[in-house]
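The values are calculated or read from the model by the stated rules, or taken from the named source; none is laboratory data. Everything numeric here is computed off the predicted structure, so don't read it as measured data. So basically every Cβ, Gly included, is an ideal-geometry build from the backbone, and we count neighbours across all protein chains shown. Quick note on the areas: whole protein, heavy atoms, side chains included, nothing else; ligands and nucleic acids left out. Shrake-Rupley method; radii C 1.70, N 1.55, O 1.52, S 1.80 Å.
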Amino acid sequence: MYSGVKSLIKRGQKVKGTVLLMQKNVLDINALTSATSTSGLIKGGFKVAGGITSSLIDTYTSTWGRSVAFRLISATATDGSGKGKVGKKAYLEGLVTSIPILGAGQTAFDIHFEWDSEMGIPGAFYVESNMLGEFFLVSLTLEDIPNHGTINFVCNSWIYNYSNYKTERIFFANKTYLPSETPAPLVYYRQEELKTLRGDGTGERKECERIYDYDVYNDLGAPDQKATLARPVIGGSSNMPYPRRGRTGRRPSKKDPKSESRSDFFYLPRDESFGHLKSSDFLVYILKSASQNLIPQLRSVVTLQLNNPEFNTFDDIRSLYEGGFKLPTSVLSRLSPIPFFREFFRTDGESALKFPPPKVIQVNQSAWMTDEEFAREMIAGVNPHIIQRIQEFPPKSKLDSQYGDNTSTITKEHLEPNMGGVTVEQAIQNNKLYLLDHHDSIYPFLRKINATDTKTYATRTIIFLQNDGTLKPLAIELSIPHPQADSFGPVSKVYLPAKEGVEASVWFLAKAFVVVNDATHHQLCSHWLNTHAVVEPFIIATNRHLSVVHPIHKLLLPHYRDTMNINALARNVLVNAEGIIESTFLGGAYSVEMSSFVYKDWVFTEQGLPHDLLKRGVAIEDPTSPHGLRLLIEDYPYASDGLEIWAAIKSWVEEYVNFYYKSDASIVQDYELQAFWREVIEVGHGDLKNATWWFKMQTRNELIEACSILIWIASALHAAVNFGQYPYGGYILNRPTKSRRLMPEKGSAEYDELSKNFQKAYLKTITPKKDALTDLTILEVLSRHASDEQYLGQRNEGDLWTSDSLPLEAFKRFGRKLSEIEQKLIQRNNDESLKNRYGPVKMPYTLLYPSSEEGLTCRGIPNSISI
């Protein structure tokens, strides 16, 4: 620690430092809409290509000069009140024109502090800006502190004019302390900064603020615009429970005081807004721009195509990736200045929007239609963690008795003819029978959904594990509510595989209804609820109760990056009333309500991969197997690859936690950690606070498991369900998102059409053209990686995030382990005996490869939920 240092700094000595910052116009997203390259953006800032002239240096120095003041705070010497001594103001001096650590758009300034032996060793500093606009403070580095060397302060924070703050802006050195180990002179400053971040829970938040607080999802509707845009409050009740979001404090709606009014401004704690020159800024901007500009134009164009408002053949779909979709020149003139959209437009003079071909049809354009691929995507697709082992037959429902008897109507007689002589009892005993169950999560909403233009079913699909390791669908059950009342139970019909005639078309439609269920569950639950929404309360609680110098704050910080930002945008354009999800998926206006229904059964302790696999019955505990689990579907790409990633995460977290906490007692005594965990349970996930499964947070093992789960959710789980969206779902035939009519009955005109023109009947049933174009546009954006994405095993602070060498070494080992895992996964994909890794579509399972390049790659595990 800091001991015996008073005499090491001579009286009157000046301490030299370097300040890195970025001015706002370098980071302004508006610049991205006209930029043709990163260099163009850099020219808009301080760092000018081709060198910086002396006149520019003079201008920058005079501009910043005495406008920004810094005061060092001692970590070893106290004033009369016991607080660390505060030094005199120091100001930015000369512009440093050559420095190896400069990043894109960054500017470096020299600074000198008056600091002597009476002040001890600096441990924090205040910064005060008199500038009118804000700037982004990257770091402060102090050099040649006697007997101490360099002290680094990693800041990465927006700084506004001092008049905007009620308390002074403070930053701490990159030391790491449990609360009980904080140097006494810094205790006050540590506690006061947390008070500032908590705020007082009142008033409407302003852009410059950094306050973290909670609210329910009462901001999805817009009742003041029109009655049909009103939505219920989600969260805060046992009927509609939900994780909490960040509080904005906007005024209530006039027509519904329980709902928050909407505006163009969405408050985020300021440092949750993208604070660096990074292309994920651009991707989020594009997501917003696409939803507000491109998509309305596409839907308008389709609506006006009165003679061709539908896709008529599968070739019409394929033409989107080959010839493109014809657009009026007026539309192109508005969109083509945006670089991202230019990638969509053909360059051969045709006014057409062209989508990249999804990976699922890049090798074989019809293999997606096979039963084998339909089943394979349940374990190697974009929603690979729903399938479960059947342990009792027939499958039962957990729905309330108000919905009648929802036990499956699938019988042994349906299944056994296609089981190769194996009985249902034998298949269950030998772990060969599996279920994709989308019945309970959708059925309670079906009556309301089917009263709209959407017509659909709740589905159950039974799967057989064959001797070659592949999966074979045996039966599909489609259920709708009884026309008289829910208490009569569902009206269900079972469909069986067929290869020829109209029966084959009927079976194919049955599979489509299953996929529509799966795509909706994926988007609302697997993707939005179980990653984006459930993590946000942890982010809020971390910033309210764990100091930036707390080891757990430092551990989790990279896995929170940009999540509150993308979540706020999602509430504005994706999951809001008549937003993208409501418009193009089967849930419609009941979409978020459906995810609330699923949240009732969410269990945090089961979100880690091993517990998830055990709960679904697809693995059993086995000390002799790798990771202590034996997969019952041995060739299960998501599970087998995921276990490698999970083990690496947990090993890293275990090493890190045990470095700072030497006993279970130190967990109990950490009052910041206890306050954090208590608030996560009682407030952030307060609707589930009475659940008995929450960790008590009394032991190191509980903390290790909790942190491992959080990191897994934010990194690998999100990657597995996100970056395959366009590669699989960009071909709308493979993953339709809604259905518009029910299964045709024999003797009906629809049945006759199905028998004569299957493709046209199929296209009239699934996602319509205007919604398909919307889906493709949004999925393409969501599936992309930014050019400067931070992947698992990386940190954007380099080695500066902590000054402790052993955690730094452990983190490097973690990174090397992930590289080794990637090579192992590549080798698995080269093993031809593992048929589920490629399937009939010849598309390797790469979603859990840790690394990736920029763009649409179908691989890569970013640290956080940033898109």
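What is the packing order of peptides 816-823, 577-584, taking the mean over residues of other C-beta atoms within 10 Å and listing the highest first?
577-584, 816-823
For Glu93 and Leu808, what is the calculated FRET efficiency with R₀ set at 35 Å and r taken between the beta-carbons, to the nearest 0.05?
0.65
Starting from the Kirkwood radius over alpha-carbon pairs of the stretch 609-742, derive D by Stokes-Einstein at 4 °C in a medium of 1.567 mPa s and give it in µm² s⁻¹.
Once the numbers are plugged in, D ends up at 73 µm²/s.
How much of the calculated P(r) for the stretch 722-867 lies past 23 Å, in percent of all Cα pairs?
Looking at the stretch 722-867, the distances longer than 23 Å represent 56 percent of pairs.
Which shape class, rounded, prolate or oblate, goes with the stretch 353-467 when its Cα gyration tensor gives a ≥ b ≥ c as root eigenvalues, a/c under 1.5 marks rounded, and past that a/b bigger than b/c marks prolate?
Here the stretch 353-467 falls in the oblate category.
When ligands, DNA and RNA are left out and all protein chains stay put, how many square angstrom of accessible area per residue does the stretch 437-590 have with a 1.4 Å probe?
Heavy-atom accessible area per residue stands at 25 Å².
Size of the dipole of the stretch 108-226 about the Cα centre, Lys and Arg at +1 and Asp and Glu at -1 on the beta carbon, nothing else charged, in debye to 20?
360 debye
At 1.4 Å probe size, with every protein chain present, just tell me what the per residue accessible area of the stretch 741-790 comes to in Å².
Using a 1.4 Å probe on heavy atoms only, each residue of the stretch 741-790 averages 36 Å².
With a cut-off of at most 13 other beta carbons within 10 Å, and DSSP calling the residue loop, which trypsin sites (Lys or Arg not before Pro) in the stretch 152-233 qualify? Please list them.
Within the stretch 152-233, the qualifying trypsin sites (Lys or Arg not before Pro) (loop, at most 13 other Cβ atoms within 10 Å) are Lys166, Lys206, Lys226.
Just from its helices, what would the mean residue ellipticity at 222 nm be for the chain, if runs of 4 or more DSSP H residues each count -39500 (n - 2.57) and the sum is divided by every residue, rounded to the nearest 500 deg cm²/dmol?
-9500 deg cm²/dmol, from helical runs alone.
Would you kindly find the accessible area of Met119, with a 1.4 Å probe and non-protein molecules such as ligands, DNA and RNA excluded, rounding to the nearest 10 Å²?
Per-residue accessible area (Met119): approximately 30 Å².
Consider the candidate values [x] 177; [y] 229; [z] 425; state which one is volume of the Cα convex hull per residue in Å³ computed from the structure displayed.
[x]
Looking at the square roots a ≥ b ≥ c of the eigenvalues of the Cα gyration tensor of the stretch 548-658, which shape do they give, rounded for a/c under 1.5, prolate if a/b is larger than b/c, or oblate?
Note, shape of the stretch 548-658 comes out oblate.
Quick one: dipole size for the chain, taken about the Cα centre, charges +1 on Lys/Arg Cβ and -1 on Asp/Glu Cβ, in debye to the nearest 20.
1480 debye
Gain in length, Ser319 to Ala498, computed as 0.36 nm per residue apart minus the alpha-carbon separation, to one decimal in nm?
Additional length available on full extension: 61.5 nm.
Which GluC sites (Glu not before Pro) from the stretch 440-524 combine a DSSP loop assignment with at most 15 other Cβ atoms within 10 Å?
Glu500
On average, how much area does the Cα convex hull of the stretch 424-486 cover when viewed from any direction, in nm²?
Dividing the Cα hull surface by four gives the mean projection, 5.6 nm².
Over the stretch 64-204, give the accessible area per residue in Å² for a 1.4 Å probe, as an integer.
Heavy-atom accessible area per residue stands at 40 Å².
Please identify the helices of the chain, taking whole runs of DSSP H, that span at least 24 Å along their own axis as judged from the Cα atoms and have a mean Kyte-Doolittle score of -1.0 or higher.
Answer set is 501-521, 637-660, 805-829.
Summarise the accessible area of the chain (1.4 Å probe, protein heavy atoms) by the percent that is carbon and sulfur.
49 percent
With all protein chains present and a 1.4 Å probe, how do Val516, Val548 order by accessible area, largest first?
Val548, Val516
Accessible surface of His627 in the full protein assembly, 1.4 angstrom probe, to the nearest 10 Å²?
So the heavy atoms of His627 present about 90 Å² to solvent.
Which GluC sites (Glu not before Pro) in the stretch 668-756 sit in a loop by DSSP (not H, G, I, E or B) and have at most 15 other Cβ atoms within 10 Å of their own Cβ?
Filter output for the stretch 668-756: Glu745.
Please state the shape class of the stretch 447-596: rounded when a/c is under 1.5, otherwise prolate if a/b exceeds b/c and oblate if not, all from the C-alpha gyration tensor.
Prolate, since a/c reaches 1.5 and a/b exceeds b/c.
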